[in-house]
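Participant: Below is one structure. I have some questions about it.
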Amino acid sequence: MKKWREGQRPHRRRGGSQRHGWYRGSRQRSTQDEQWYGNNDAGPSFRASQRRDESQTASSSSSSSSSSSSKTSSAAPDLPGFYFDPEKNRYFRLLPGHNNCNPLTREQLQEKEREKQRNKMLIEDDKPRKKAPRAGLNTSLLLQKRHLGMLPQNSYCRLVHEVKVSGMKRHKLEIQSSDNSNPNTDNFRLIVGDSACEQVFTVNDVSHGGCKYGIMNFSTSSRGSLSVEMCDNLYFTNRKVNSICWASVNYPDSHVLLCLVGVADTPGCVSLLPASLFSNFNPDQPGMLCSFKISSAWSCAWCLNPQFDKTFSTGLSRRVIVKDAETGRTQTYSVGSDVLAQQFARRVPVLFNGCRSGEIFSIDLRQRGRRDQSWKASRFHQESAITSVRVLQDENYLLAADMLGQIKLWDVRVTKPVQDYKGHYNEHAYLPIHVNEPEGLLLAVGQDCYTRLWSLKDGHLLRTIPSPHPAANDLIPSVVFSSNLGGCKGLPGLLMAVKHDLYYFPYNTDYQEGGELQAGC
């Protein structure tokens with residue numbers, strides 16, 4: 001038998017899983033084990049603080065014990081099939097699926113974490129001073145550089161808009177209507193503003209099925225506040241609204257082009273409705289009112305080029321239809337995939353299309369006689385289904401978003417991407433993107449219900465705005481951004497519709513709520 005020298009102690013192994021090194025009072029330890037691993041529906045649970053006490057008792061150095069206990073408290077070890085709750089300081093067993101015995105699943109934990117992060121961001125947004133979109137960027141510094149001639153005028157204006165975007169604060173708008181006794185309780189599904197943003201076309205889901213659509217009018221009061229009134233003439237349909245765009249038939253934004261999906265015995269159609277149809281004071285002849293039986297229309301676009309000023313297009317399953325609204329003349333183009341997004345260029349009659357296959361191609365309406373898809377003026381691809389395309393004023397550049405959350409800026413001349421916009425989230429939803437070139441901003445609402453704003457020039461993420469309501473697939477916000485919301489003398493800012501509420505994010509920090517309503521339907 002070895003003799004231990006005086007002053008030495010036998011070495012003990014650390015950890016509760018080792019058989020050696022048990023201290024006196026193991027019977028008490030076994031009693032604690034029964035409490036830890038007793039009959040608990042949530043599975044075996046044990047307290048991290050007690051484990052830290054054991055490690056401190058078994059350690060020989062006080063400095064090493066303090067460091068090891070701090071590491072254990074900061075990050076609990078991951079156990080397969082278990083979840084550690086830092087608030088309760090316990091482990092819980094995870095089982096696949098939902099059941100009565102153990103409702104705790106990984107999906108619920110992820111949803112709980114997302115909701116916690118959303119509430120944290122809402123608190124940050126309510127603070128008066130928010131984080132600057134770029135390091136060292138503020139209004140006084142920009143003005144100083146401008147006076148010293150260190151900043152060009154266009155760069156100065158763009159950066160000032162970025163600072164204003166970071167300071168936007170959420171305000172809830174009250175929707176006025178003639179029937180105040182019947183408030184709006186139907187969830188917003190889509191809002192689309194006209195070119196002047198005086199009117200916004202709205203689509204709401206109805207609880208008993210189908211949807212209703214109408215027009216909201218916006219105006220600014222003398223106190224600098226925004227007012228909104230819903231027109232009383234709302235239309236109900238049992239069909240789903242797939243796509244909307246404003247149309248200029250008699251004058252700019254005189255009509256609304258609407259794609260309705262067929263259901264049961266009711267076929268799908270594309271309707272051209274005058275905006276005055278939704279007003280209480282519409283004349284006896286509101287203007288051109290027509291409907292075309294076109295089934296399974298995914299997208300639509302109106303041509304503003306003078307050569308084809310009464311022409312619109314619809315994207316269908318493996319087809320593109322270009323139709324003259326006055327004469328009814330139709331041109332059909334066969335494609336290899338569903339066309340989910342469309343937009344016309346202004347200066348030249350060229351239609352850009354985005355497909356489910358990820359292909360983006362253009363059609364020149366002046367070349368109708370070609371066959372074998374040689375009418376495709378340009379073609380390029382992204383990795384997933386295209387959900388939105390936007391042609392910039394230059395018309396040599398095009399923005400495209402897909403179902404992988406990618407947003408790219410393409411140079412149409414060389415068919416190559418020249419800019420990426422990171423951070424957008426999308427897996428399978430049909431989500432649009434919004435461009436405001438005077439401010440140099442790009443906006444998109446992700447499937448995670450966050451609204452993100454980027455710098456159009458360099459792709460820098462300027463701000464992420466959380467939804468005021470908990471995230472859900474049927475509660476994705478719909479937004480409109482304008483320099484003059486409410487008309488030519490309106491207010492710049494962001495309009496957000498989520499659930500049955502309407503929110504306004506103004507540029508000016510001294511925005512006053514509760515302005516008097518000046519304009520009606």
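Participant: Between 102, 184, which is open to solvent by less than 100 Å² (accessible area, probe 1.4 Å), at pLDDT below 75, in contact with a Leu (Cβ under 8 Å, 6 or more places away or on another chain) and not in a strand (DSSP E or B)?
Facilitator: Numbers: 184 fails: in contact with a Leu (Cβ under 8 Å, 6 or more places away or on another chain).
Matching residue, one of 102, 184: 102.
Participant: Let me ask something additional. Go through 414, 418, 480 for me and flag whichever is part of a strand (DSSP E or B) and either out of contact with any strand residue (DSSP E or B) (no Cβ under 6 Å at 6 or more places or on another chain) or free of Cβ contacts under 8 Å to residues at least 24 places away in the same chain (or both).
Facilitator: Among 414, 418, 480, only 418 is part of a strand (DSSP E or B) and either out of contact with any strand residue (DSSP E or B) (no Cβ under 6 Å at 6 or more places or on another chain) or free of Cβ contacts under 8 Å to residues at least 24 places away in the same chain (or both).
Participant: Could you check segment 433-464 and list, in sequence order, the residues that are among the hydrophobic types (A, V, I, L, M, F, W, C), farther than 20 Å from residue 111 by Cβ and part of a strand (DSSP E or B)?
Facilitator: Of everything in segment 433-464, those that are among the hydrophobic types (A, V, I, L, M, F, W, C), farther than 20 Å from residue 111 by Cβ and part of a strand (DSSP E or B) turn out to be 433, 435, 441, 442, 443, 444, 453, 454, 461, 462.
Participant: Among (1) at pLDDT 95 or above; (2) of a type outside the set (Phe, Trp, Tyr); (3) open to solvent by 30 Å² or more (accessible area, probe 1.4 Å), there is one condition residue 360 misses while meeting the rest; what is its number?
Facilitator: (3)
Participant: Moving on to the next point. Looking at segment 435-475 only, could you name the residues that are within 23 Å of residue 211 (Cα to Cα), buried (at least 21 other Cβ atoms within 10 Å of the Cβ) and of a type in the set (A, V, I, L, M, F, W, C)?
Facilitator: Residues satisfying the conditions are 445, 449.
Participant: Output yes when any residue across segment 252-268 is of a type in the set (Gly, Ala, Ser), more than 22 Å from residue 361 (Cα to Cα) and touching a Cys at 6+ places or on another chain (Cβ under 9 Å), and no when none is.
Facilitator: Yes, that holds for at least one residue.
Participant: Is segment 154-166 home to any residue that is touching a Leu at 6+ places or on another chain (Cβ under 8 Å), acidic (Asp, Glu) and outside any loop (DSSP other than H, G, I, E, B)?
Facilitator: yes
Participant: Let me ask something additional. Within the group 430, 425, which residue is touching a residue at least 12 places away in the same chain (Cβ under 8 Å), part of a loop (DSSP other than H, G, I, E, B), touching a Gly at 6+ places or on another chain (Cβ under 8 Å) and open to solvent by 20 Å² or more (accessible area, probe 1.4 Å)?
Facilitator: Criteria check complete, one pass: 425.
The values are calculated or read from the model by the stated rules, or taken from the named source; none is laboratory data. The structure displayed is predicted, hence computed values, not measured ones. All Cβ positions, glycine included, derive from the backbone under ideal geometry; neighbour counts span all protein chains shown. These area figures cover heavy atoms from the full protein model, side chains too; ligands, DNA and RNA do not enter into them. Shrake-Rupley method; radii C 1.70, N 1.55, O 1.52, S 1.80 Å.
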